[in-house]
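Each remark here refers to the structure printed beneath this line.
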């Protein structure tokens, strides 16, 4: 997949994703790439800075992947509350 910054003849700017550079060229030649704002055909690619990750320093370890979320640690509290309720109930019946 490749993302292009596009401009229409009426100077509207927008971005769109394409399967490949050849796919964009093929669709544009058929007139199937249209402006997202006004619907005009004749859309052309405009300059776009590539998305580049900064280089790591020599000897620097690759960052470890982080989990998407951290599990909550509340079950201990619930257990304590349940145990306390249980003790109260036992004391009431005695």
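Structure notes:
- Gyration tensor over the Cα atoms of the range 2-45: the corresponding equivalent ellipsoid has semi-axes (square roots of 5 times the eigenvalues, largest first) of 16, 11, 7 Å.
- Inter-label distance for residue 51 and residue 66, nm, one decimal - labels placed 7 Å from Cα along Cα-to-Cβ: 1.8 nm
Read-outs: derived from the displayed coordinates by stated rules, not from any lab. All figures in this text were calculated on a predicted structure; none of them were measured in a lab. Quick reminder, even Gly has a Cβ in these numbers, built from the backbone with ideal geometry, and neighbours come from all protein chains shown.
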